[in-house]
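Heads up, the thing below is written out as structure tokens.
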């Protein structure tokens, strides 16, 4: 009887130990069980292959992932609401270089997490900060501290209709004067009814952020920037007491040039254009050229485009100095808001989402993802997505100058004043001098009130 009882006790102990060891093993394999990753990102198709693989991350880590994709404006309003209320629902949130200076106060610094990386889950991803383009990493820093990890980039490119340029014997422009000449030559009445069917070019010109950013890129082409000495950080502006210079001759020359270009050779209503209208018109065959995000060339040559197979890509034109290209650098990343829950899971997801092995999933036929990892950008697999212009994608990146974007908390207000001036000039409601004098005064007031010149 005692032997039987002893056997039962031993068997029970062995069973308990087995369950305990199984629990330990499961916990070791899935240490993020019970944690949630709520992700606020764009609903753009180029991310679909990565989003489709989220299940792999969940199975490997035990964390639950909730993807919450939103359009640009809706996403921005959602972020503002969460940050203002301090009720942080999402623990992985998009952060971009254009809004970084204003948004950085709401984001946790990632430097301690990067320092303690340790490689993550074996076999799940190969995250390594050294894999990334250094400029793209640096542009998502504020005050030397890492705010986000990049997953998407674009820079400016000149898109042009190869068939029109060949048919009409027009040279692909390399400088601003040739750009004007090409736009004039290719503003066309195709059917002879006295109405323009194809316009020479188009740019973003809607009042607001888009216009301000485009105008700063255009001014860079004319050899100038917003502040004296091309100062673009709080430290440089304060140290050098760098004043705004947006009503000086290079800015006036720039705005005069683009005002004439778009009023003569741009489509009607161009002052309401964002990137979506620019893209729409090119795909519908209504534009001979545009200057916008370089990867648009892949979309212009896609099967749903009326100009498929006839879209080329070239470097953006240089300005009067013969060196400075029109600039349009942009990087988007993801970071962790201050006060967010489940930071361990959020950080592991960020590493997985941006790792080379994960991003490589997005390089599939028909997709035009722009990875932030040079080894992937240079791969034949990637270049094939863009056909003959694949090599030009890399060349456009090589002439990008990331200094064009001022990075300080008040830059949103500065961008507004510049964008307002840009739209006013293109609409013809103000002369370049009037518009830029107004912008100069507005920017000077903002910077003085913020204490930059004390």
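The values are calculated or read from the model by the stated rules, or taken from the named source; none is laboratory data. Everything quoted here is computed from the prediction, not taken from an experiment. Using ideal geometry, Cβ is built from the backbone for each residue, glycine included, and neighbour counts are taken over all protein chains shown.
What the table below lists for this structure:
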read-out: Restricting the stretch 43-87 to residues that are touching a helix residue (DSSP H, G or I) at 6+ places or on another chain (Cβ under 7 Å) and in a loop (DSSP other than H, G, I, E, B), the residue that is surrounded by the most Cβ atoms within 10 Å (Cβ to Cβ); value: 63
read-out: Within the stretch 232-274, considering residues that are without any contact (Cβ under 8 Å) to a residue 12 or more places away in the chain and assigned to a loop (DSSP other than H, G, I, E, B), the one surrounded by the most Cβ atoms within 10 Å (Cβ to Cβ); value: 269
read-out: Qualifying residue in the stretch 112-129 (condition: modelled with pLDDT of 95 or more and crowded, with 20+ Cβ neighbours inside 10 Å); value: no
read-out: Residue match in the stretch 279-288 (condition: surrounded by 23 or more Cβ atoms within 10 Å (Cβ to Cβ) and over 23 Å from residue 208 (Cβ atoms)); value: yes
read-out: Among (1) over 20 Å from residue 357 (Cβ atoms); (2) modelled with pLDDT of 90 or more, the one test that residue 65 misses; value: (1)
read-out: Residue that is nearest to the chain's Cα centre (by Cα) [pool: residues in the stretch 364-403 that are crowded, with 19+ Cβ neighbours inside 10 Å, at pLDDT 90 or above and part of a loop (DSSP other than H, G, I, E, B)]; value: 372
read-out: Residue 286 farther than 30 Å from residue 444 by Cβ and modelled with pLDDT of 95 or more; value: yes
read-out: Count of residues meeting criterion [assigned to a helix (DSSP H, G or I), surrounded by fewer than 17 Cβ atoms within 10 Å (Cβ to Cβ) and in contact with a helix residue (DSSP H, G or I) (Cβ under 8 Å, 6 or more places away or on another chain)] in the stretch 444-454; value: 0
read-out: Selection count, the stretch 33-46, where residues are over 17 Å from residue 344 (Cβ atoms) and touching a strand residue (DSSP E or B) at 6+ places or on another chain (Cβ under 7 Å); value: 4
read-out: Matching option when the condition is touching a helix residue (DSSP H, G or I) at 6+ places or on another chain (Cβ under 6 Å) and at pLDDT 95 or above, among 331, 270; value: 270
read-out: Given (1) assigned to a loop (DSSP other than H, G, I, E, B); (2) free of Cβ contacts under 8 Å to residues at least 12 places away in the same chain, number of the condition residue 130 does not satisfy; value: (1)
read-out: Criterion: outside the structural domain of residue 336 (by TED's automatic domain parsing) and surrounded by fewer than 20 Cβ atoms within 10 Å (Cβ to Cβ) - qualifying residue of 408, 416; value: 416
read-out: Residue check, residue 342 surrounded by fewer than 19 Cβ atoms within 10 Å (Cβ to Cβ) and modelled with pLDDT of 90 or more; value: no
read-out: Residues within the stretch 420-443 that are surrounded by fewer than 16 Cβ atoms within 10 Å (Cβ to Cβ) and either touching a strand residue (DSSP E or B) at 6+ places or on another chain (Cβ under 7 Å) or assigned to a loop (DSSP other than H, G, I, E, B) (or both), tallied; value: 3
